[in-house]
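Single-structure report; data block below.
The values are calculated or read from the model by the stated rules, or taken from the named source; none is laboratory data. What you see is a predicted model; the values in this text were computed from it and never measured. Reconstructed Cβ throughout: ideal geometry from the backbone, glycine too, with neighbour counts over all protein chains shown.
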Amino acid sequence: MKEPPALPAGSTIPALARKAASLGGRLLVVGGWVRDQLRAEPSKDLDAEIFGLSPEAVDAFLEPFDSIGRVGLHFPVWRLRHQDLDIGYPRDGALDYEPTDPSTLDPAFRLAARHRDLTVNAIAWDPLSERLIDPWHGIADLEAGRLRAVDAATFGSDPLRGLRVARLAACLEAEVESGTRDLCSRLDLSGLPIERKTGELRRILLEPRKPSQALEFLERCHLLDVFAPLAALCGVPQDPLWHPEGDVFVHTAMVVDMAREIGAGLAAESAEILQWAALTHDLGKPSTTTQEGDRIRSIGHEREGARIARSWLEQLRVSHRITDAVEVLVVDHLAPTQFIQQGAGPRAYRRLARRLAAGAMTPVDLERVARADHLGRTTEDARAGRFEAGSRFLEAAAAAGVTQGALSDVVTARHLMNEGFVRGPMLGRALARARTLQDEGGQQDPEAIIETLLREFPIGREGRSSDDRRS
C-alpha cells in the first residue's frame, strides 16, 4: 500500500491544517478519502476531524474559510461553502491532543476512531507530517479484503451501518468478518428516517460493480425486511425452464447486476432509472405466482408489479420523474420479447411508445430493462449473452419510427380550435382520437385526420353547422 497522494489542486486542507496547528490543534483527513486513495481509487468523500480545540475555537478559526457554521447538536460538523468538505468534531479524544507533546495525537485519534464503523474507515492522514495513522489496523484489513467493526460496543450506535456495510462489501468486493456480520444481524433498522434508508439503497444500486453482493448480504443478515417489497421476493418460485437460477429474489439480484453493466455508459439519470426498474421489475410475482401441475406461472405480474413499484418508490420518496419512468418500464417490461413472439405490427409499437412517453421513456429504454431481465438468469441464452428478441424489437421500433419515442402529434389543439372546437372534454377526446388514428394507421397527414374527426365529432363546436365546418 502507498500513502495517499497529494491533495487535489486548490484544496484548503493544507491551509486549514496549518491554521489549526497554529492555534494548538491538529486537523486530520479521515474516512473514505483515505481508504480510497490507499486503493488508488477516486473518491469524493473528503472529510476531516479536528483535535485539541474547543467547538467555539473551531467556529472562530473556520470563519475566514467561508464556513456556513456548525450543524449537529451532539456531534458538531462544520461545512465550508463551495467545497465538498466536512470537518467533524470527534467523539472522545478531541481535547486529548497536547500540542506540546505530538505523541498524544495517535492515542487521541485511536480514542475518537472507536466510534467509527469499520477499521478500513478508521485510518487518518496527517497533512502536516504527511503520514498515516492506523490504530485499528485498517490497512491490513484493506489489503486482506476484509471488513471488520472497530468496536462492538459502539458499532450499533447508528443502525444504518448495516446497510453501509452491505454497500461497502459490494464496492470493495470484500468479505465481512463473522463477528461484524453478527453485529449487523442484531441491528434494528426500523426506526431509521426513510431518507437515510433510501439514500443507502440508491448507493447500493449505483456504486458497486455488482449490487447483488450487497442485496445478498442484507438477506443473509435478515436486514432485507427494511425493504419489504424486496424481502417478499425471497422464496417465491419460478418456472425452472425459464429461471433455472432460483427464486425471484435470486433472479432480481442477477438482473440488477446486469442492468449495472448495461447502464455503465449511460447518463447518470438514465442509469439510475434502469437500476430502479431492474430492482422492481418483478415485485408483482409474490401475489400473482401460481403452480398448475408442473407449471409455475405469474400471470399479470407486470401490471401488479408496476402498481407496487410506484407505491414503494413514493414511500421511499424517490423523485416523481424516476417513479413515473420506472412505472411505465415495469408494466411493459415483457413487451420486447412478446412483440417479437407475436409478430406485432407498427401500430403496436406506436401505441407502446405512447404508453412509455407517459414516463418520458422510449422503446430504447424499455429494451435495456428487458435485456437485463433476459440476461439476469442462468439460461443458455443468458450464459451466451444472447438477446435476439431485443435486437429485433429495436429494428421493428425503428421501422415504426418510434425508436426515440412516440411520434409527435400531427394534429394539435390549435388545429382543432381553428376548426371550431372549444376547450373542454370533447377537445380532449378529439385529440386522443387523433393520436389513435395517427398511431394505428400511421397517418401523418393532418388534413386527413381532421376530416375524420369532423365526421366523428359533430357536436361541441360553436356557431357552426355541419354545412359550413370547413368554409
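Laid out as a table, the results:
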read-out	value
Verdict on Glu292 being surrounded by fewer than 21 Cβ atoms within 10 Å (Cβ to Cβ) and in contact with a helix residue (DSSP H, G or I) (Cβ under 6 Å, 6 or more places away or on another chain)	no
Residue check for Leu279: within 30 Å of Glu41 (Cβ to Cβ), in the same structural domain as Arg371 (by TED's automatic domain parsing) and crowded, with 23+ Cβ neighbours inside 10 Å	yes
Scan of segment 318-353 for residues that are surrounded by fewer than 17 Cβ atoms within 10 Å (Cβ to Cβ) and either in a helix (DSSP H, G or I) or touching a residue at least 60 places away in the same chain (Cβ under 8 Å) (or both), ordered by number	His320, Arg321, Gln338, Gln341, Gln342, Arg347
From the options Gly345, Gly376, Gly284, Gly359, residue that is within 30 Å of Ala434 (Cα to Cα), of a type in the set (Gly, Ala, Ser) and at pLDDT 95 or above	Gly359
Any hit, segment 172-194, residues being more than 24 Å from Pro42 (Cβ to Cβ), in a loop (DSSP other than H, G, I, E, B) and among the small types (Gly, Ala, Ser)	yes
Considering residues of segment 22-42 that are surrounded by 15 or more Cβ atoms within 10 Å (Cβ to Cβ) and either of a type in the set (Gly, Ala, Ser) or free of Cβ contacts under 8 Å to residues at least 24 places away in the same chain (or both) only, the residue nearest to Trp136 (Cα to Cα)	Gly31
Of all residues making up segment 81-112, the number that are touching a residue at least 60 places away in the same chain (Cβ under 8 Å) and out of contact with any Phe, Trp or Tyr (no Cβ under 6 Å at 6 or more places or on another chain)	5
Conditions (1) at pLDDT 95 or above; (2) closer than 17 Å to Asp439 by Cβ; (3) within 26 Å of the chain's Cα centre (by Cα): number failed by Arg354	(1)
Residue within segment 55-75 that is modelled with pLDDT of 90 or more, in a loop (DSSP other than H, G, I, E, B), assigned by TED's automatic domain parsing to the domain that holds Leu105 and not charged (D, E, K, R) present	no
Whichever residue in segment 392-425 is loosely packed, with under 14 Cβ neighbours inside 10 Å and without any contact (Cβ under 8 Å) to a residue 24 or more places away in the chain and, among such residues, is farthest from Ala370 (Cα to Cα)	Asn418
Count of segment 389-427 residues which are acidic (Asp, Glu) and under 24 Å from Arg355 (Cβ atoms)	2
